[in-house]
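The block underneath contains the structure these notes are about, expressed in structure tokens.
Read-outs: derived from the displayed coordinates by stated rules, not from any lab. No experiment lies behind these values; they were computed from the predicted model shown. Note: ideal-geometry Cβ built from the backbone for every residue, glycine included; neighbour counts use all protein chains shown.
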Amino acid sequence: MREQSVRQSLSTPDLNHAILSGPIIQVMLKLALPTIAVLLVQTLIGLLETYFVSSLGTNVMAGVAVVFPILMLMQMLANGGFGGGLASAIARASGAGQSEDVHSLVWHGAILAGLLGGIFSIVMLSAAPMIYHLMGVTGLALNAALKYSNIIFIGSPLIWAVALLSAALRGAGDTKTPARITLLGGVLLLPLSPIFIFGWGFIPSFGVAGAGLAVLSYYIFAIICLIKHMRTTHSIIKLSIKPINFKLFKDILGIGSLSAIGIIQLNLTVVLITTLVGQFGSDAIAGYGIASRLDYIQVPLMFGIGSAIMTMVGINYGAGQFQRARRITWIGVFITFLITGSIGLFFSIFPSIWLGFFSHDPSVLQTGTNYLQHVAPFYGAIGIGMALYFAGQGSKRLLGPLLAGAIRMIIAAVIGSISVLYFNASLSTFFQIIGVSALIFGLVSCLANFIPR
């Protein structure tokens with residue numbers, strides 16, 4: 001009875017009851033849909049901002065292009081990496097009825113956001129010229145990259161704080177508040193971006209720096225809203241100053257660090273694959289780039305469902321309901337497989353429906369079709385692996401997903417590079433290797449989940 005009353009103080013009785021004993025699919029979708037909707041909106045906003053920046057010329061586009069992957073890596077580390085570690089710790093503590101630990105974890109997450117965001121700021125503000133030069137931009141493009149990058153990475157602590165506080169709310173079962181704040185921020189960002197870039201009325205034109213100012217304004221708005229909400233009485237969890245407890249830092253970083261390794265694995269694999277495709281010429285890289293955008297469209301779906309899986313598994317795991325946690329895991333795996341597998345199968349049969357939106361060049365379309373026919377059928381396996389990755393965050397069992405990710409990287413990047421560079425493998429053969437790596441990723445993730453605790 002004591003644990004039940006404590007849990008009810010952390011969330012509404014209905015939500016708490018649903019996660020611990022309600023219909024799994026219904027609860028999972030209820031938790032997932034707000035996150036999916038927000039991420040899709042963010043993707044759309046990113047495309048519109050790219051459109052605004054593109055009007056400033058090729059050099060500016062090239063400069064922003066080299067900043068984007070570093071920004072994405074930081075956001076993924078903050079949201080899915082260390083944010084995942086915080087959400088997992090909060091979910092397990094919530095399920096166990098440890099209310100003091102839950103509220104303390106929020107404060108410790110805020111401290112980590114400041115520290116990790118500060119590290120990113122220092123590194124990028126001091127080393128950005130060298131990094132972007134190594135990435136191939138010089139002259140006007142490098143100047144544009146630095147104007148955009150310096151403003152963005154000054155705000156790194158804000159970006160980390162928004163990510164970790166949002167993750168804390170999701171870990172406690174509140175996915176609607178982060179979604180609502182993100183949507184409101186998106187409404188703010190859309191007009192601010194062109195206004196700051198091109199100027200309007202008494203506001204001067206800041207050029208590419210204006211795009212950075214608009215993004216920074218969004219995060220200022222988001223952090224104010226999050227702090228204000230988490231200081232109110234109706235917030236599911238509270239943000240307040242707590243005594244430092246290194247055990248709580250260890251709890252967050254234990255999962256967060258492993259999650260970060262998984263994210264770095266994924267990004268490194270993509271970089272290496274892109275580099276190898278570049279060996280086949282500009283048409284090949286263009287076709288691959290167009291086709292692989294379909295991979296990224298599925299990220300919001302997988303992250304949304306995965307976050308719901310993590311929260312539900314973590315809360316049930318903390319409450320000692322291990323059988324229900326395992327059932328949630330496999331239902332989540334099936335839902336993710338059904339969605340990603342259906343998308344992959346459809347576009348492997350009808351690749352021109354996707355590719356035709358971006359290009360009509362026969363050489364580009366040939367490469368894109370080649371990729372989708374050989375890789376898209378295995379999207380379902382990637383969905384399985386990612387669902388088990390999020391379940392592993394909730395149950396503190398990430399070694400299996402990390403092993404699966406390492407094997408995928410070895411097959412796709414190492415074996416792929418040997419095949420292309422030393423055995424003159426064709427592009428079709430290379431794409432087949434990528435498809436096999438995806439299949440093995442899903443299979444190893446499944447097998448690792450059956451290893452006894």
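With the convex hull of the Cα atoms taken as the outline of the chain, the averaged projected area works out to 22.0 nm². Peptides 410-417, 330-337 ranked from most to least packed by the mean count of surrounding Cβ atoms within 10 Å: 330-337, 410-417. Between segment 417-453 and segment 103-156, the C-alpha centres lie 33 angstrom from each other.
Take 437-443, 385-391 and order them by the average number of nearby Cβ atoms within 10 Å per residue, most first; the result is 385-391, 437-443. Quick one: how many lysine pairs does the chain have with C-alpha atoms less than 21 Å apart and a gap of 8 or more or different chains? Give me the count, please. So the count works out to 10.
Divide the volume of the convex hull around the Cα atoms of segment 2-244 by the residue count and you get 127 Å³ per residue. Dipole magnitude for the chain: computed about the Cα centre from +1 point charges on Lys and Arg Cβ and -1 point charges on Asp and Glu Cβ, it is near 1240 debye. With Cβ to Cβ distances under 15 Å as the rule, what net charge do the other residues near ALA308 carry (K, R +1; D, E -1)? Residues close to ALA308 contribute a combined charge of +4. In a simple Cβ point-charge model (Lys, Arg +1; Asp, Glu -1; nothing else charged), segment 2-244 has a dipole of about 320 debye relative to its Cα centre.
For the chain, complete DSSP H runs whose alpha carbons reach 30 Å or more along their own long axis and whose mean Kyte-Doolittle score is -1.0 or higher are 24-54, 99-134, 176-198, 208-230, 246-277, 322-349, 427-449. Highest mean packing first, where packing is the average number of other Cβ atoms within 10 Å per residue, the peptides 173-183, 226-236, 78-88 line up as 78-88, 173-183, 226-236. With an 8 Å Cα cut-off and a minimum separation of 6 or more residues, compute the relative contact order for segment 269-449 in percent. Once normalised by length, the contact order is 28 percent.
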